[in-house]
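See structure below.
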Amino acid sequence: MLTNTIIRGDSLTVLPQLPAGCADLVLTDPPYVVGYRDRSGRTIAGDTTTAWIAPAFREIYRTLKDNRFCVSFYGWHRADDFLGAWRRAGFKPAGHIVLVKRYASGSGFLRYQHEQAYLLAKGRPARRPFPLRDVLRWDYTGNQLHPTQKPVSALKPIIGAFSRRGDLVLDPFAGSGSTLHAARQMGRRYLGIEVNEGYCRIARERLNAGDREK
C-alpha cells in the first residue's frame, strides 16, 4: 500500500481498495453539507448531499485499526446525519474538540467563532497519561489554498495526542493537504485522498516544499 502520498480520487472508490486495519489514526475534514460557496465562488465537492456520509464512514471504520481513533470535523447544521452515520458504522463518540477563532467566519443568530470535531473511538483505546485539552487555538490560514483550509498548527496537537511516531495517519477528504503536512511534521506516515485535481496538486506542492509551513 502506498504511503506518504495523496491519491486523487473519490473516497467512496478509493477507501474500499485499502486494506482493513491499515490506519492508526484518521483525521479528516469532510464536507459539512451546507452548500458552501466562498466570496470568490469556490465550492466543495459533496457539499450538497448527505448520501456519501454513511458509506464513507463505514469504510473509514474498516480501514482503522482496532482500539484507535477517528477525529472528524463536521457541520453543526448536519450533526444528526454525522452522528447517526458514525454510530451505525460502529464508532463511539469519545470526546468533542472545539477550536476557537479570534474572528467570526460568519453570523446568523450567533457569531460563528469556532470549528468543531468529534473524537470517535473504534473499540476500547487505552487512555493517555496526559489528555489533550478539548479547547484548542485556531490560527487563521486566509483560506488561500482551499475554501475551508485548516491550519497545520491546530492539527498537530491532535495528531500528537492520538498517534505515535511512525504511525499512519489517513485523511480521506484531504483538501489542500493540511492533515498530511501536519502528520509529516510530527514524524508520522500519511495517506490522503482528494477528489479535486486542483487541490490534490496543491497538496503535493505543499508536501514537496518541505516543512517550512507552521
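The values are calculated or read from the model by the stated rules, or taken from the named source; none is laboratory data. If you're wondering where the values come from, they're calculated on a predicted model, not measured in any experiment. Cβ: placed from backbone, ideal geometry, glycine included. Neighbour counts: every protein chain shown.
Just a few scattered comments:
- Scanning the range 17-47 for residues that are at pLDDT 95 or above and hydroxyl-bearing (S, T, Y) yields a total of 2.
- Within the range 23-52, considering residues that are of a type in the set (S, T, N, Q) and in contact with a strand residue (DSSP E or B) (Cβ under 9 Å, 6 or more places away or on another chain), the one nearest to T3 (Cα to Cα): T28
- Residue that is touching a Ser or Thr at 6+ places or on another chain (Cβ under 6 Å) and modelled with pLDDT of 95 or more, where the choices are L170, L180, L132, L191: L191
- The set of residues from the range 127-171 being farther than 20 Å from N208 by Cα and within 12 Å of the chain's Cα centre (by Cα) comprises T148, A154, I158, I159.
- When residues of the range 112-131 are limited to those that are basic (K, R) and either touching a His at 6+ places or on another chain (Cβ under 7 Å) or in contact (Cβ under 8 Å) with a residue 12 or more places away in the chain (or both), the one farthest from P93 (Cα to Cα): R128
- Taken together, the criteria exclude S163 from residues that are in contact with a His (Cβ under 9 Å, 6 or more places away or on another chain) and either in contact (Cβ under 8 Å) with a residue 60 or more places away in the chain or closer than 29 Å to D80 by Cα (or both).
- Residue check, Q113 surrounded by 12 or more Cβ atoms within 10 Å (Cβ to Cβ), under 19 Å from F173 (Cβ atoms) and not aromatic (F, W, Y): no
- Among the residues listed as G106, G95, G123, the single one being of a type in the set (G, A, S), under 20 Å from V169 (Cβ atoms), surrounded by fewer than 17 Cβ atoms within 10 Å (Cβ to Cβ) and in contact with a Phe, Trp or Tyr (Cβ under 8 Å, 6 or more places away or on another chain): G95
- Any chance I6 is at negative phi, in contact with an Asp or Glu (Cβ under 8 Å, 6 or more places away or on another chain) and not charged (D, E, K, R): yes
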